[in-house]
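One structure is given below, encoded as C-alpha cells.
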Amino acid sequence: MKVSAFLLAAISAKQTSSQLIRRGAFNSARRIKEDSFSKPTSLSLSMTNGEIDFIKSVGSDSSNGKSGKQSKGIFKGKSTKSSKSKSVAESCAHRVADQIGWSNWFHDIETFAPVFRVKTDEDLRKIIELSSKVVNADGKTRCTVRVTGAGHSADGLVMQRTETDVVIVSLVDHVPEDSLWAPNADPETGRVILLAGQSWYDATALYRHHGLVMRERMGARFFSVGGVIANPVHGGSKDGGFVHSDVTKMLVMTSNGEMVEIEGDDLKYWRSSAGQLGIIIAVEMQLIKEIDMGGSLAMKSEVDNFSDLFADPTNRRPDEVAALFDKVVQKVYSIIAKSDHNEFFYDFYSNQLASYYTDFSGPPFSDALAARYAAAALSLLEMFGEDVAFTGGQAAVAVPDDLCEFFCLPGSGNGTVPCEPIVDNGVRLCDNPIGVAAALCASTISSTTDQFMANGAGVNDGALTDVGLNYRVTSLFVPSRALPQIFATWYGVHGRALRAYTDPSIDPDVNFRHVPNNLLEFRFINPQETATMNPIMPFIHWKADFDNKYFGSFDTFFPPITGIPDGLIAIEVLSLKGFNDEADSLYFAFLEQAWRNTPSNPYAQYGELIVPECDPIIGIVMCVSENGGLPPFVNPSNSSLSCCIPPVPVNFHLAKEYGRGTDPETTPTTGKPVVFHDQSAIDIVFASPEKVKSIAEFNNVADEYEAEVFMGGALLRWLRPTMAEGFEPRKLQGQTCGSPDYATNPDKECISNNCGANLLCSKEME
C-alpha cells in the first residue's frame with residue numbers, strides 16, 4: 001500500500017517549491033502586522049530617569065527593492081522585564097535591525113528580540129560595544145548578545161522565551177576582514193577553513209571534490225557551521241564523538257571586540273560553548289582524505305524484517321519478543337563493528353530494522369569521482385542551500401487539519417485531482433490512528449533508504465536527508481553495552497501505549513491515550529574529552545561513576561561487547577507534529593521515566609523487594625540470584641529486606657530538549673509533565689564529579705574573557721542559576737492564565753504566554 005505521506009512527498013528533491021514550506025526565523029503576519037517586518041527600523045536611544053525613548057524611522061528596504069514611506073514615531077516605556085513590551089535590546093545596536101522577532105525553526109520558542117544579520121567585523125564590534133554599555137532601568141548593565149544559527153535547537157539554547165534585553169546576531173552574511181580566514185580547502189593536508197555563518201551545503205561544495213570527507217558526520221546539511229561547532233550535537237563514529245572535536249583552530253570575537261585565534265588546549269572551552277564565551281567567527285577543521293583510506297567512502301543500507309519471529313504479530317509471545325531483542329541487538333552490534341559511522345531506525349509496527357552505515361570500501365578517489373562530487377555538491381547547494389544557515393531549510397509539506405486530505409491513493413490529492421482516501425476493510429486509513437502511525441513509520445524507512453542511497457551515488461558524504469521534519473523529541477545517551485535493556489524498555493512502553501489506547505482498562509498506570517508515530521532512531525558515538533561544557537561524558541566516566549556508586553559492578557551488569565569499542569548509543573524518539581499528537585508530551589514523560597528506571601538486570605522488576613538505590617546502612621545491599629542471574633532475586637544478608645539492582649545510567653540530550661518531568665513550583669495541583677523545567681533532568685547531566693568540576697572551570701574562563709554580555713539561553717540553568725532570571729516553563733494551551741490549574745487540554749503545549757478573552761492561554765500570538 002502506498003500513501004502520500006509527507007516523507008514520500010516532501011523529502012524528494014524533485015518536489016516543486018510550491019510543495020515545500022520555506023521556514024524563516026519568524027512568523028510574519030501571524031504575529032505582528034506586516035509593516036513591522038517589511039521595513040527596516042532604525043533605533044536610537046535617549047534615557048531620562050529610567051525611561052527609554054525609542055525613536056523609530058522607517059525607510060527604504062534596499063535588500064528587496066521596496067521603498068517605504070518615511071515616518072517617525074516615539075515609543076516611550078519603562079525598561080521592564082515584560083516579554084510583551086518593547087525591550088531595551090532594541091537600542092543595543094547602532095544599525096538597522098533586519099527583523100524584529102526571533103524564533104527557533106520549530107516555532108516552539110518565539111520572541112520579539114531584534115535580529116541583526118551583520119556583514120562586517122565593525123558591525124559586530126559595535127553591537128557588542130553598545131550592548132555592554134546600555135544600562136537598564138534597574139541599574140544592571142548590558143543587553144545580552146546571542147548568536148543564532150539555523151535555529152534547530154528546541155530548548156531555548158539561543159534564548160528562552162521569557163528573556164528580555166536580548167540582541168540576536170546572525171553571521172550568515174558576515175565575512176571577516178582577515179583574509180587568512182577566508183574559506184578554503186587544502187587537499188594536501190586535509191585542512192579546511194569554514195565561516196561560522198556558512199551552511200554545510202557551502203562547506204560540502206568547498207571541500208568534497210578534493211576527496212575530503214568529515215570524520216564525524218551529520219544526518220543533514222541544513223545547519224550552520226557555527227551552530228554545530230558550538231553545541232554538543234551531530235556526529236558520531238566508532239572512534240570519535242561530536243563534529244566539534246575535529247576543529248583544530250578558531251577565530252573568535254571577544255567582549256572587547258578583539259579577534260582572537262584559539263588553538264591547542266584552549267579549544268576545549270570554545271567547543272560546545274553555545275556562544276557563552278564570545279562569538280565564533282570561523283573554524284579550521286581536519287578532515288579525512290579518501291586517498292589515504294585505500295578507497296572512497298561507501299554508503300550502504302540494510303533493512304531486516306523480523307516478522308517471521310512471531311506466529312501472530314498482533315499477539316507477540318514473551319519468548320518471541322525475547323528472541324527479537326537478541327536478533328536486533330546482535331544485528332546492530334555487527335553493523336557497528338564493520339562500519340565507521342552508522343544510523344539505525346527500528347519500526348515497532350513492521351518489525352523492521354533499517355541500518356545506514358559507511359566504510360571506505362569504495363573505489364579509489366579519482367578525477368571522475370572529483371567531478372561527480374563537485375557536480376552533486378553544486379546541485380544540492382542550488383537546490384537547498386539558499387540562506388539555509390539562517391532559515392533552517394525546507395520543511396515537509398504542511399499537515400492539514402483533516403488527515404483525510406493527506407493520506408490519498410496515488411494520483412489523487414495532488415492539488416489537481418481531489419484526494420481519494422485510502423480504505424482498508426471499510427475503514428479509512430486517516431480515521432485509524434494506529435494505521436496512520438504504521439504508514440508514517442513504513443514511509444520513513446522507505447524514503448530514508450531511497451534518499452541515503454541516492455546521496456551515496458551523488459555527493460557521497462554520508463548525510464541522510466535534505467528536508468527537516470517538524471517534530472517533538474526526546475533524546476538520551478546510554479552506554480553502548482546497555483542497548484539491550486534500553487531497547488527493551490522503549491519496546492515495552494510502545495506496546496503499553498498501544499494497548500492502553502485500545503482499552504485504557506488494560507493498563508491503568510498508563511495515564512494517557514496516544515499512538516506513537518515514531519521510530520526508534522539511534523547511532524553509536526564515542527565522545528572524548530574535547531569540550532569542557534560537553535554534557536555527554538566519555539564512556540570511561542560513565543563506567544567509573546557507576547562502579548564508584550555500585551561497588552564495581554559495571555562489567556557484571558554490562559559485559560564488554562566483542563568486536564566493538566566501548567562507547568555510547570545516542571537515541572532519539574520523535575513525534576511528528578500534526579499526526580494524532582495531542583498527548584505526545586505525556587507519552588514522552590512516561591517513556592523518559594521508564595528509561596530512568598530501567599533495571600541493569602533486564603530480568604528484574606522494581607517493586608517493594610527490588611529497589612534501584614542501595615543503602616548498606618539500613619541493610620539494602622545488592623541483590624543476588626541463585627539461578628544464574630535470573631529470578632528470584634534476594635537480599636543475601638536478610639531475605640526479608642529489600643535488595644537493590646541499579647538502574648541503567650542515562651543522560652538526556654539537553655541540546656535537543658530538557659526532558660519532561662514535574663516541577664512543584666509550577667504544577668503543584670496536577671503533577672503534569674512540563675517541558676524545559678525538569679530539574680531532575682538537569683541534575684542527571686551535571687551530577688557527576690567530573691561535570692560539577694567542568695561547570696566551575698568553564699565559569700572561570702568566562703570570567704577571564706569578561707563574557708557576561710554573551711551569557712544567556714538555557715545553559716544558564718546550570719552554568720549560572722542566579723543569572724537565569726525569569727526562566728519559566730512553557731504554558732499549556734487551556735491552562736488558566738495566572739493559575740497552576742489546567743482547565744482543558746493539558747497536553748497541548750503553548751509558548752505564547754498570551755491570555756485571551758476567556759482568560760485561557762491561547763496558542764496564537766495576538
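Here is a yes/no grid of residues against (1) under 23 Å from Ala376 (Cβ atoms); (2) of a type outside the set (S, T, N, Q); (3) in a loop (DSSP other than H, G, I, E, B):
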position: Pro400; (1), (2), (3): no, yes, yes
position: Cys404; (1), (2), (3): no, yes, no
position: Ser447; (1), (2), (3): yes, no, no
position: Asp461; (1), (2), (3): yes, yes, yes
Query - Matching option when the condition is under 28 Å from Val225 (Cα atoms) and open to solvent by less than 60 Å² (accessible area, probe 1.4 Å), among Ser301, Ser350 - result: Ser301
Requested in this report: Please tell me if Phe551 is more than 26 Å from Val467 (Cβ to Cβ), open to solvent by less than 30 Å² (accessible area, probe 1.4 Å) and at pLDDT 85 or above.
Outcome: no
Query raised in the report: Would you say Ser412 is in a loop (DSSP other than H, G, I, E, B), touching an Asp or Glu at 6+ places or on another chain (Cβ under 7 Å) and either open to solvent by less than 30 Å² (accessible area, probe 1.4 Å) or under 22 Å from Asn518 (Cβ atoms) (or both)?
Result: yes
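Okay, residues lined up against (1) closer than 22 Å to Met537 by Cα; (2) basic (Lys, Arg); (3) crowded, with 21+ Cβ neighbours inside 10 Å:
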site: Phe558; (1), (2), (3): yes, no, yes
site: Gly567; (1), (2), (3): yes, no, yes
site: Glu572; (1), (2), (3): yes, no, no
site: Gly578; (1), (2), (3): no, no, no
site: Ser585; (1), (2), (3): no, no, yes
Report task. Confirm whether Ile525 is among the β-branched types (Val, Ile, Thr) and within 26 Å of Val493 (Cβ to Cβ). Result -> yes
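Can you name every residue in the range 253-298 that is over 30 Å from Val118 (Cβ atoms), out of contact with any strand residue (DSSP E or B) (no Cβ under 7 Å at 6 or more places or on another chain) and open to solvent by less than 50 Å² (accessible area, probe 1.4 Å)?
Keep residues of the range 253-298 that are over 30 Å from Val118 (Cβ atoms), which gives 288-298.
Subsequent filtering for residues that are out of contact with any strand residue (DSSP E or B) (no Cβ under 7 Å at 6 or more places or on another chain) retains 291-296.
Across the range 253-298, the qualifying residues are Gly295, Ser296.
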Query raised in the report: Filter the range 427-456 for residues that are open to solvent by 70 Å² or more (accessible area, probe 1.4 Å) and not β-branched (Val, Ile, Thr); which is nearest to Asp581 (Cα to Cα)?
Result: Asp431
**Report entry** Residue under evaluation Trp200, criteria (1) under 23 Å from Met299 (Cα atoms); (2) more than 24 Å from the chain's Cα centre (by Cα); (3) crowded, with 24+ Cβ neighbours inside 10 Å, criterion not met
**Finding:** (2)
Query - Qualifying residues in the range 587-603 (those that are open to solvent by 20 Å² or more (accessible area, probe 1.4 Å) and closer than 19 Å to Phe348 by Cα) - the one modelled with the lowest pLDDT - result: Phe590
Query raised in the report: How many residues, within the range 209-264, are at pLDDT below 95 and either part of a strand (DSSP E or B) or polar (S, T, N, Q) (or both)?
Result: 6
Report task. Can you confirm whether the range 358-366 contains a residue that is over 30 Å from Phe524 (Cβ atoms), open to solvent by 20 Å² or more (accessible area, probe 1.4 Å), touching a residue at least 60 places away in the same chain (Cβ under 8 Å) and in contact with a helix residue (DSSP H, G or I) (Cβ under 8 Å, 6 or more places away or on another chain)? Result -> no
Report summary line: Within the range 564-612, residues β-branched (Val, Ile, Thr) and under 20 Å from the mean Cα position of the chain (by Cα) come out as Ile569, Ile571, Val573
Query raised in the report: So, in the range 91-101, of the ones that are open to solvent by 10 Å² or more (accessible area, probe 1.4 Å) and closer than 20 Å to Phe390 by Cα, which residue ends up modelled with the lowest pLDDT?
Result: Arg95
Query raised in the report: Can you name the residue in the range 457-486 that is under 30 Å from Pro313 (Cα atoms) and open to solvent by 30 Å² or more (accessible area, probe 1.4 Å) and, of all such residues, is farthest from the chain's Cα centre (by Cα)?
Result: Pro484
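Within the range 607-633, track down each residue that is in a loop (DSSP other than H, G, I, E, B) and without any contact (Cβ under 8 Å) to a residue 24 or more places away in the chain.
Scanning the range 607-633 gives Gly607, Gly619, Val621, Cys623, Glu626, Asn627, Gly628, Pro632.
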Query raised in the report: Within the group Ser272, Ser334, Ser350, Ser307, which residue is of a type in the set (Ser, Thr, Tyr), over 24 Å from the mean Cα position of the chain (by Cα) and more than 28 Å from Arg496 (Cα to Cα)?
Result: Ser334
Query raised in the report: Of these, Asn518, Asn511, which one is over 22 Å from the mean Cα position of the chain (by Cα), polar (S, T, N, Q), outside any strand (DSSP E or B) and under 17 Å from Leu586 (Cβ atoms)?
Result: Asn511
Report summary line: Note on the range 485-523: residues under 16 Å from Val473 (Cα atoms) and touching a helix residue (DSSP H, G or I) at 6+ places or on another chain (Cβ under 6 Å) are Val493, His514, Val515, Pro516, Asn517, Leu519, Leu520
Report task. Give just the number: which of (1) surrounded by 20 or more Cβ atoms within 10 Å (Cβ to Cβ); (2) modelled with pLDDT under 95; (3) of a type outside the set (Gly, Ala, Ser); (4) touching a strand residue (DSSP E or B) at 6+ places or on another chain (Cβ under 9 Å) does Phe406 not satisfy? Result -> (4)
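The values are calculated or read from the model by the stated rules, or taken from the named source; none is laboratory data. From a predicted model like this one, the values you see are computed outputs, not experimental measurements. Positions of Cβ are generated from backbone atoms using ideal geometry, with glycine treated the same way; all protein chains shown enter the neighbour counts. Areas reflect the complete protein model, heavy atoms only, side chains present, ligands, DNA and RNA absent. Shrake-Rupley method; radii C 1.70, N 1.55, O 1.52, S 1.80 Å.
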